[in-house]
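Undergrad: Would you mind keeping the following structure in view while I ask a few things?
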Amino acid sequence: MICQRLLIISAISVMAFADAVTASVEWQVIKVNGRDFLAVDNIAKFYGFPDPAFEGKNVRLKNDKNELQFMIDSREMLINGVRNWLSYPVFVHDGKVVVSRIDLAKTLEPQLRPSMIQNLPRVQTIVLDPGHGGFDKGAISSYGYEKDYALDVARQLRPLQRLPCHHDPRERRFRAPGTTRPHCQ
Ligand SMILES: [Zn+2]
């Protein structure tokens, strides 16, 4: 019960706080089957995106700071080029393209306005842990195994490890080829 109340309060406070900053744009919550959604036009106004570009099922919002690209009836959204999976698909309701309020509060807002996240500790540890490995090949296609791609990406990010490390060297971790667990270098 307390948990539920806290969740609701935190969801509301995200909205309330956001409201205080750009008081001129009001959130118009659209209820669909008991769930809260917001129109893409409403989101665009709030975050200062000029008119959303609708092309068939594709929607694109862009300003000088951020870019959102997504498709109607899909949970996939590119936020500044990074793929995110929303909790609910974007869909059309009463002629409006809508995004769920939970996705707005938990996925869009922190990425569109990271400076609004409070009490964020400094990132001190980056762990590269490629998925799958060994007998566990992951997805298989004619291009190869997922485990090889995952390892390749991590290796390409290896220069990150060579960044000056002012802390415990164990913070620089990398999964060695042929092993299935991250280990310390
Ligand atoms: Zn996988």
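The values are calculated or read from the model by the stated rules, or taken from the named source; none is laboratory data. From a predicted model like this one, the values you see are computed outputs, not experimental measurements. Note that each Cβ is placed from the backbone with ideal geometry, even for glycine, and that neighbours are counted across all protein chains shown.
Undergrad: Only residues in segment 129-140 that are over 20 Å from LEU157 (Cα atoms) count as the first member; pair them with residues that are part of a strand (DSSP E or B) and within 11 Å of the ligand (Cβ to nearest atom), Cβ under 9 angstrom, at least 6 apart or cross-chain, and list the lot.
TA: Note: pairs meeting the criteria are LYS137/TYR145; GLY138/TYR145; ALA139/TYR145.
Undergrad: Which of the numbered conditions does LEU151 fail, given that it passes all the others? Conditions: (1) in a strand (DSSP E or B); (2) within 14 Å of the ligand (Cβ to nearest atom).
TA: It is condition (1) that LEU151 fails.
Undergrad: Let me ask something else. Take the conditions crowded, with 18+ Cβ neighbours inside 10 Å and modelled with pLDDT of 95 or more and apply them to ALA18. Does it pass? Break it down stepwise before answering.
TA: Numbers: crowded, with 18+ Cβ neighbours inside 10 Å: yes; modelled with pLDDT of 95 or more: no.
No: the conditions fail for ALA18.
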